[in-house]
Structures are given as C-alpha cells and as structure tokens.
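Here the structure comes first, spelled out in structure tokens, and everything after it is commentary.
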Amino acid sequence: MKPAPTLSSAFLTPGSQSLPQPLLDLRSQRGTALADMPLPTRKTENWKYSSRHLKLSDELATALPVKGKSGPALAVPGYHVVFHNGVMVPEASDYPDVDGITIQRFADLDDSLASELAERLDNTLDAKAAQLARLNSARFEDGLYIRLAPEAVLDQPLFVISETDACSSGSAYPRIYVDAGRHSQITLVEEYISLGDEPVLVNAVTEFTLADGAQVTSVRLSAEGENVQHLGATGVRQQAHSRFDSHCVGFGGPMRRHDLQVRLEQSGANCRLNGVVVTQGKQHYDNHTVIEHVAPHCDSEETYRNIAADQSHAVFNGRIHIHQDAQKSNANMSNKNLLLSTGAEIDTKPELEIYADDVKCAHGATIGQLDKQSIFYLVSRGVDRREANTLLTMAFINELVQQIPVESVRETTQVRLNQFIEQTFEEA
Amino acid sequence: MLSIKNLHASVEGKEILKGINLEIKPGEVHAIMGPNGSGKSTLSQVLAGNEAYEVTSGEIQFNGKDLFELETEERAREGIFLAFQYPVEIPGVSNLQFLRTAVNAMRKHRGEPEMNAAEFMKTAREVSKQVDLNPEFLKRGVNEGFSGGEKKRNEVMQALLLEPKLAILDETDSGLDIDALKVAADGVNALRSEDRAILMVTHYQRLLNYIVPDHVHVLAGGRIIKSGGRELALELEEKGYGWLGIKDDDAQVAG
Ligand SMILES: Nc1ncnc2c1ncn2[C@@H]1O[C@H](COP(=O)(O)OP(=O)(O)O)[C@@H](O)[C@H]1O
Ligand SMILES: [Mg+2]
C-alpha cells in the first residue's frame, strides 16, 4: 500500500508580515503540529466526496504578495474592512471607533490582547472535523479582531471584504475572530472575492464566541473566481440564550469547502443556519456542518439548498449531535437539492447522533429536478424557456435568499444568483 | 384561424384522440362538450403544445402556420392561450413576477416596449378587480394556496392580460359557485371580439347560459360525434349524453 500523501512542508512556511509575538508563537506551534499531516483522501470520512477536487500543489504554498495600498475598487455601503491576500488594508477600510466595540487588525494588537487571543484561537473548531482550518492557524499573516463589551450594539452591519489577488499562484489565509459579550449585537457580512485567474488557494477561518444573550448575524458569501480553491471554516460557541443567525451563499469553483461548526453550550442558546449553493460546469462545492447540542433547551434550525448544473458536484453533510444532557433539544434540519442535468452529482448525508431521550429532532433530504408541468405552464404563457427555467430554479432558493437580513446584500446576492443560473441555461 | 384535420394523439402509448376535425374562424365561440375522459383536455393540451402528448397523425394550421412547427412559447406569442383545467402551483415565483414576465414576452414579440414594474402593477390591479380577485393575490406564489375558483379566475385574468387570438378554456367553469361563474363568464365575454376566437371545453352546459356559443361539438371516445348550434347544448342538458348513445361514466376512450 502506498503511504497516504502528507501536507507538503512548503505549506508550513508563513510569509513575512509582522505580528505580535504571542501570535507568531501560536503560528509556529500550529505549524509544528501539522508537519506530516496526512492529506484527506477518499477514505477520509468527511472528505469522501471532495478529496478528489483538492489540489494542494507546492506552487500554491507561497504566500501571495501583499500590496499594501491598492485595495478593491468596491463601493461598500456602511462599515467595512478590506483584506487583501489575508492582510488588512487600512486605507480601504472604514469602521467606527466607539465605546465598547474594539475592531482591530491582529498586527496592531498589544501584547496582552494578543496573548489572550492566542489562547482563544481555534477553540471553536474541532480539529479533526475541520483539519484544514489548522493550516490557517499556521499561516495567517494578519486578521480581524472584534470584541463587543456587554450590551454593546454595532448599529450597522460590518462588511469584511476579503479579496484575493489571483495574478500569480499562491495562497492567502484570512482570519476573523469575534468575541460578542453579554447581550451585545453585531451583523457581520463576509465576502470572499478574487481578481485575476491564476490558481490560488484561500484558506479562511472565522470564529465567533457568544456570551449570554448575545445576538450575532453572519452572512458569508463565497464568490471567488474560477481558479480559486476555497477552504473555509467557521466555528461558533454559544452561551445561554444567545442567538446565532447564519446565511451562507456559495458559488462553485474547482474546490470549495465550508465547514460550519456550532456548539450550543448553555441552555436557551439557539441558531439558524441557512445555506445556498450553486454549481455549474465542472465546479464543486462541499458544505459540512456540525451542530453540537451540548446543553438542554437549545434550538437549532438548519436549511440548506444545493443546485447543481452540467457536470458539477455539490455535497452537503449535516451532523447533529445531541449530547446526553441536552434534554428538550429542538433540532430541525432540511436539505433539498435540485439537479439541473443528468451529468450533475449531489451527495447529501444527514448524520444524527442522539444521546438524550426527550428531544425533538427532524430531518429531511430530497433530490429532485425541475417540474415539467411547471415549465409547460410558464412557457404556455409565452415566457422564454430559459427564463422559465431560471424563474423555477430561483424559486427553489427564493425563500432562503429572502431571509438574508441586510437589504443591499440580499439584492446583490439575488442578482448574482440569477445571473449564474441564467448562464447555466444558456445553451439549453 | 384554426383548422384541425384528422388529429390523432396518444399519451403513454395509448391513443386518446382518434381523428378530430374542427374549423374555427375569427370572432366565433365554439364549445366542446363531452363526458369525462373523452379527450377534451388532451385536445386542449395538444393545441398548447404539451410534449407529454404525442401527435401521431393529422395536421393543425393556425393563422396559416403549421402549429407543429411552433414551440409552446411561440404558439403563445402567436396568440394561443390555454386556461388550464388544473392550473399549476408554483411556490417561490410570485404571481406578479410571472404575469409581468409573460406580458412582456408578448409585448416584445409584438415589437412593443416592455412594461416596467409600476406600469404593470397598475394594469394588473385593474384586471384582477375585473375577475374579482383581491390584488393581494398578485403577491402570492403562482396559484399557491389558491382555492379551485381562485385558480380559475387567475386563468381568466391571464387571458385578459395576454390578449390572445384564440383562447381555449378548459373547464373554466368547474368548481365555481354561481357568483364566481358569473364573474368568470363576464371576463370571458369581455374577451369576445371580431378578431378573437374562443374555444370552451366543458362537461356541463351551465357556462353556456352566460357565454353563448356559435357552435357546439360533442366529443366522445376521441372523436367529434356531433356538431350543431347552441340548441345542441340545451338538448344535451335535457337528455344527457345517453341520448347520443354514450354513457357518461363509461365513455372513457377504450385502451
Ligand atoms: N398525462 C396523462 N397521462 C396518462 N393518461 C392520460 C393523461 N392525460 C389524459 N390521460 C387519459 O386520457 C384520457 C382522456 O383524458 P382527458 O383528455 O383528460 O379527458 P377529459 O378532459 O375529456 O376528461 C383518459 O383516459 C385519461 O386517463
Ligand atoms: Mg379535462
């Protein structure tokens, strides 16, 4: 038997951006731990359907150059922070400096805050279930640290635009850490985009900790260019009566993966996880979610929709783990899938592990195609066939798109999804 | 306007229409009556171009064009409209969005400018009142959660908006109470004009009290077995289908 391939040591050399010492220390610790890490293969349970899309060749290991000034020419309404190849661009950012809310790049943290952060990073993510999130911890060159004091409320959504320069091969490691104090509130919109079309790797990790009664709304758009591999992970830990509301929208690529792990650790915590994925051509997208019901009286509501066209491949794996003490848990998971061609593939796998006896847990997964009668009804009114297909496909995800809480994001997302879907029907 | 010659059609290998002949001229109102299962909806769906039905022989000319050369959407743009016996529910597509898309597709075909959302809203509100549908229905998904009668009125509303040359109404009267029937009939009568033809498909003759046809045809076993004027409908009401040698409940097409 051939030995399993391991992560090339080329990936374990970070770039040269300066960071506070405690974070440099953490990074090298993580790097050491990753040496000889076996790469996922078809036999790796949580990579079964996706390992064949993952291509970690050595030329991707180089840290992408940091341009300092430029920044994307994006008009972003309201508060925004721009990251370029994983490093913050202060000139292109605009965010408030108010009492009770700390928004700082990692590079600017003082030593005591940096060592506190170093203690906390990675605590929200299970290293086994999200192996490659650890690569980010060995490589990040900057990051965004957000702390909300108790009762602090950020009055507008904060956009974090993470732009990757795909003008040469290499990789970027965007990192965000959000510490939401008691009864604080924030809406964070993460947007991953790219420029250029060289193959690059984006390895992005975001972590949220929610203290009692905190309310966090998270919107995550993964819409990089056609040669970008995206390995993303989001980790969440929730204390009593906190609320985490997540909306993930993903466009396919050569390799796209998002791991979302939520731990409901104290009574009354609840989360809603919505996800929409569209793939076409030979694209791929893999969502792996884990909800840990650790404490009693917690609710989770998860709704994911995949649409796969052409020869593309979408994966959904949703795990719900209800611990023994988590009585009166309420967990709902729904995954519906739409295949737009016979060559497309969708793999869906709900995994329920329930150790408490007094719980409500429902799940459902379906795979279907566009309804012929509905298409006939629309075209019998003179509607263009392509438009009819697009309308019906959008109808499959409209409910989720309508739930995206920030109006401007909702509208642009809808337009982008519509364009993407229209494209898939181009030759039809 | 419409000329059907010796039309044969089958579904899932079973022959349903066994040689239909029918001529319809502009301005005329025709009624096709027949027992359940006689092939009325099959004929309607074939005219609209539903691919689930296979035309095995015969020809249909519509305003000088070979209908079989036209895709469903092209037939619609040329002026064929079918009010479905069972309108399809499409959650997630709003009725308003659907109607505007359809109206604009027609306008584009005719070389007219498209209507913007505000203009269309105004028109749609007026027409929805005409068929006694609360404009709130425009915001709902297409036919989503509509009662049987509401669906039928939504079909008539579409006919009014799309201004077809030939409107085929498949059992638009079924499931309507008497008030709703009058509203639907008023809508259909509003469609009547010199250059427009109407083909009403119905099991019962009561709709014909409100929309008086010029010609009545009886369809049974996949063939038109009798044609006449409006008095034929009255005769059928009085004597039932049995009078023509067909029983209502076993008049299904033989397999
Ligand atoms: N889509 C279909 N699939 C299979 N059988 C069908 C379909 N549509 C109609 N039929 C059959 O064709 C015959 C005629 O049906 P239809 O045209 O609906 O009659 P009508 O509208 O006069 O009641 C019936 O025997 C019916 O079962
Ligand atoms: Mg019928």
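The values are calculated or read from the model by the stated rules, or taken from the named source; none is laboratory data. Given the structure is predicted, the values throughout are model-derived calculations rather than measurements. Reconstructed Cβ throughout: ideal geometry from the backbone, glycine too, with neighbour counts over all protein chains shown.
Taking the stretch B:160-184 as the range and being assigned to a helix (DSSP H, G or I), away from every other protein chain (no Cβ under 14 Å) and touching a residue at least 12 places away in the same chain (Cβ under 8 Å) as the test, the residues that pass are B:A180, B:L181, B:K182, B:V183, B:A184.
The residue list A:G86, A:G31 contains one member that is touching a residue at least 12 places away in the same chain (Cβ under 8 Å), under 29 Å from A:E198 (Cα atoms), touching a strand residue (DSSP E or B) at 6+ places or on another chain (Cβ under 8 Å) and surrounded by 14 or more Cβ atoms within 10 Å (Cβ to Cβ), which is A:G86.
As for the stretch A:381-395, it holds at least one residue that is touching a Leu at 6+ places or on another chain (Cβ under 6 Å), within 9 Å of chain B (Cβ to nearest Cβ) and closer than 28 Å to B:F84 by Cβ. Residues in the stretch A:1-28 that are hydrophobic (A, V, I, L, M, F, W, C), buried (at least 16 other Cβ atoms within 10 Å of the Cβ) and closer than 18 Å to A:L64 by Cβ: A:F11, A:L12, A:L19.
Please verify whether the stretch A:403-412 includes one or more residues that are buried (at least 20 other Cβ atoms within 10 Å of the Cβ) and either of a type outside the set (A, V, I, L, M) or facing chain B (nearest Cβ under 10 Å) (or both). No, the stretch A:403-412 has no match at all. Of the residues screened, A:I375 is one that is closer than 30 Å to B:E163 by Cβ, of a type in the set (A, V, I, L, M, F, W, C) and either more than 8 Å from chain B (Cβ to nearest Cβ) or surrounded by fewer than 18 Cβ atoms within 10 Å (Cβ to Cβ) (or both). Considering A:A61, A:A4, the condition of being farther than 27 Å from A:L158 by Cα, free of Cβ contacts under 8 Å to residues at least 40 places away in the same chain and hydrophobic (A, V, I, L, M, F, W, C) is satisfied by A:A4 alone.
Within the bounds of the stretch B:137-147, is there any residue that is touching a Leu at 6+ places or on another chain (Cβ under 8 Å) and either modelled with pLDDT under 90 or among the polar types (S, T, N, Q) (or both)? No; the residues of the stretch B:137-147 include none that is touching a Leu at 6+ places or on another chain (Cβ under 8 Å) and either modelled with pLDDT under 90 or among the polar types (S, T, N, Q) (or both). Within the stretch B:37-57, which residues are near ligand 1 (Cβ under 9 Å from one of its atoms) and of a type in the set (G, A, S)? Correct list: B:G37, B:S38, B:G39, B:S41, B:S44, B:A52.
Taking the options B:I80, B:I16, B:I24, name whichever one is within 24 Å of B:H203 (Cα to Cα) and surrounded by fewer than 22 Cβ atoms within 10 Å (Cβ to Cβ). After applying the criteria, what remains is B:I24.
For the stretch A:146-167, indicate whether the set of residues that are of a type in the set (S, T, Y) and farther than 19 Å from A:P90 by Cα is non-empty. Taking every residue of the stretch A:146-167 in turn, none turns out to be of a type in the set (S, T, Y) and farther than 19 Å from A:P90 by Cα. Restricting B:N154, B:N143 to those that are within 26 Å of B:F62 (Cα to Cα) and more than 16 Å from ligand 2 (Cβ to nearest atom) reduces the list to B:N154. Is it the case that the stretch B:145-159 has a residue that's facing another protein chain (nearest Cβ under 9 Å) and in contact with a Lys or Arg (Cβ under 7 Å, 6 or more places away or on another chain)? Checking the stretch B:145-159: at least one residue is facing another protein chain (nearest Cβ under 9 Å) and in contact with a Lys or Arg (Cβ under 7 Å, 6 or more places away or on another chain). Among the residues making up the stretch B:163-182, those that are surrounded by 20 or more Cβ atoms within 10 Å (Cβ to Cβ) and either more than 16 Å from ligand 1 (Cβ to nearest atom) or within 10 Å of B:A83 (Cβ to Cβ) (or both) are B:P164, B:L166, B:A167, B:I168, B:L169, B:D170, B:E171, B:T172, B:L176, B:L181.
Can you tell me how many residues within the stretch B:4-54 are acidic (D, E) and within 16 Å of ligand 2 (Cβ to nearest atom)? Matching residues across the stretch B:4-54 total 0.
Does A:T102 satisfy being among the β-branched types (V, I, T), farther than 24 Å from A:V178 by Cβ and out of contact with any Phe, Trp or Tyr (no Cβ under 6 Å at 6 or more places or on another chain)? Spelling it out, it is not the case that A:T102 is among the β-branched types (V, I, T), farther than 24 Å from A:V178 by Cβ and out of contact with any Phe, Trp or Tyr (no Cβ under 6 Å at 6 or more places or on another chain). Taking the stretch A:236-277 as the range and being in contact with a Ser or Thr (Cβ under 8 Å, 6 or more places away or on another chain), under 22 Å from A:Q403 (Cα atoms) and among the charged types (D, E, K, R) as the test, the residues that pass are A:D245, A:D259, A:R272. For the stretch B:78-122, filtering for residues that are within 12 Å of another protein chain (Cβ to nearest Cβ), within 20 Å of B:N134 (Cα to Cα) and among the basic types (K, R) leaves 1.
Just for the stretch B:1-36: of the residues that are among the polar types (S, T, N, Q) and under 27 Å from B:E194 (Cβ atoms), which one is farthest from ligand 1 (Cβ to nearest atom)? Among those residues, the one meeting the criterion is B:S3.
Taking the stretch A:291-396 as the region of interest, none of the strands (runs of 3 or more DSSP E) fully inside it holds 2 or more residues being assigned by TED's automatic domain parsing to the domain that holds A:N418. Among the numbered conditions (1) modelled with pLDDT under 95; (2) away from ligand 2 (no atom under 16 Å from the Cβ), the only one that B:F81 does not meet is (1).
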